[in-house]
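Nothing in this text is a laboratory measurement; each read-out follows from the coordinates by a stated rule. The model shown is predicted, which means the values in this text are computed figures rather than measured ones. FYI the Cβ positions are ideal-geometry reconstructions off the backbone, even for glycines, and counts take in every protein chain you see.
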Amino acid sequence: MACNGTDLLLSVKDWHYRAEGNASFVIFNPTTRTILKLRKRCAPKESIFEVMADDLQPFQGFIETVIEPLLGTEYICLSAMIPVNQAFLERVAQYFEPQRPEKRLHKQVDISKKYALSLPDFCFLRYPHKMQSQGPTFCIELKPKRGFLPVSGHIPDDLAIKYSVCRYCLLQQYKVQQGIWEKRSHYCPLDLFSCDPSRMKYSLNMLLENPQNNLRIFKDGVAIYHVQEKSTPTEAEQGELVEHLRQYFEDDCVGEKKIPESPLQSSCVQSFLDVIIQALMSSSTKNGIKQRAHANRSMQGLQTCAESGYSSCYKDKYPTGVSMKPSDNCILRRLVAGQSLTVLEIDVILPLYQKVLQYIKLHPEHSEKYRLDFPYDEDFSSMDEETWRFLGNLKNGRTNGTLDVSGISIKDAVQLIREYLITRTLQDCSIMLAVQLVTQEKSSPLPCSVSLVQSPQGRRYLYSASVVDLDPKPSTKIPTYESLDRKIARGYVRRHQNGIVEPSVVTPGC
């Protein structure tokens with residue numbers, strides 16, 4: 001349900017601020033249930049892709065030709081390009097300035113753009129007509145981050161901590177030290193991506209305790225649970241969430257009702273999380289009946305981050321009535337598969353990047369042919385035997401302590417870098433999961449974009465899942481990625497050697 005040009009004739013006051021990132025500014029219209037994604041002004045050294053004047057076709061093409069084949073059409077909705085004018089953009093920039101977070105104020109809406117991207121508002125279910133349900137639509141937005149530990153066999157010895165502590169947890173401690181967040185979160189992506197209901201329940205509870213920018217909850221498109229700047233939710237804000245959820249999830253508590261230690265342990269909150277867990281582990285419907293394929297056991301729960309606070313005693317503290325097996329096509333499985341498109345870590349990508357830059361410097365006539373950023377001029381997915389041998393040695397740890405990329409052809413180096421940048425996009429995207437209580441027996445088949453889950457106590461919920469925030473990552477960020485990874489890994493080791501522990505919202509352990 002993308003909006004058309006006439007929607008922009010509405011007053012700016014008909015739009016509401018939703019969110020913004022480094023490159024995009026997002027507003028929504030509650031009447032048309034439409035999202036408008038505006039571009040922000042670029043920094044001087046952004047990639048060629050980001051400074052293209054008014055041409056959003058590359059972005060559209062990236063989603064359609066690169067991301068959609070990896071995640072599937074079930075979770076992707078292509079946007080529409082619509083015209084905007086400078087007067088509208090100026091009014092948007094001025095009207096929403098007071099609502100913007102301080103950390104985003106250094107980049108403004110680009111008022112020179114002639115087009116914006118229009119999308120359905122994924123805070124609502126993805127179907128075109130009213131179904132046999134009533135009451136509000138709740139939506140949880142998750143930014144799950146990278147869901148696995150490295151498998152590449154060539155990480156420098158002084159950065160070997162990356163084999164046992166995931167990037168999110170390493171970065172948490174760095175961000176607290178830098179004052180970006182007041183307290184570290186005990187959420188770990190590996191718990192969420194494990195598809196183990198108990199570990200997932202723990203990870204979602206940790207996000208509720210300290211959402212940072214990894215979780216928001218909406219009710220009919222309006223944010224009802226999120227944090228501003230460095231703070232964590234107050235007990236009053238937690239209580240407000242309980243009141244929003246109580247009527248629609250209260251009857252689904254697992255076990256006997258008891259007085260919770262905190263509002264977030266209320267039965268309605270925990271029931272809401274059980275519904276979310278089921279939706280994350282499910283895929284599509286057929287005539288309203290769930291198709292639940294058995295999980296690939298080689299992927300299920302194999303990895304555990306050393307910083308995860310989860311232990312079996314949390315099964316009693318955060319009990320779950322979910323016992324289903326994940327579908328091989330569930331959103332978590334598809335996303336982590338896309339995230340692991342390449343086994344290469346930044347420690348290998350940087351030398352390849354430097355090799356390509358040096359080659360282009362000597363052969364500028366090949367700059368388009370060996371373009372690192374989308375749109376690609378040529379497809380180099382068919383790699384040389386030498387490259388496959390190199391990748392096999394890395395994966396199996398057979399590098400003899402040295403990293404020699406001289407045998408990798410330029411075309412293969414370009415392809416490996418492209419794949420790495422795709423994984424960075426998928427490691428920084430968001431999942432929008434909307435749910436609505438079914439209050440009547442359905443009399444017609446559900447549309448293919450809508451699925452159904454049933455709570456442990458029998459209540460049924462329509463849900464739809466979408467993956468958003470899929471902007472391509474520029475190749476110019478590669479040196480920054482490498483520098484930050486090195487800094488956070490070394491800083492983590494140094495702080496633990498000195499016995500430094502960052503403040504947190506909850507104390508690990510039961």
Potential extension, Cys313-Leu78 segment - 0.36 nm per residue separation minus Cα distance: 80.3 nm
Violations at 22 Å Cα threshold for listed pairs Lys143/Lys219; Lys40/Lys114; Lys13/Lys473 -> Lys13/Lys473
So, R0 is 35 Å and r is the distance between the beta-carbons of Thr480 and His16; what FRET efficiency does that work out to, to 0.05? 0.60
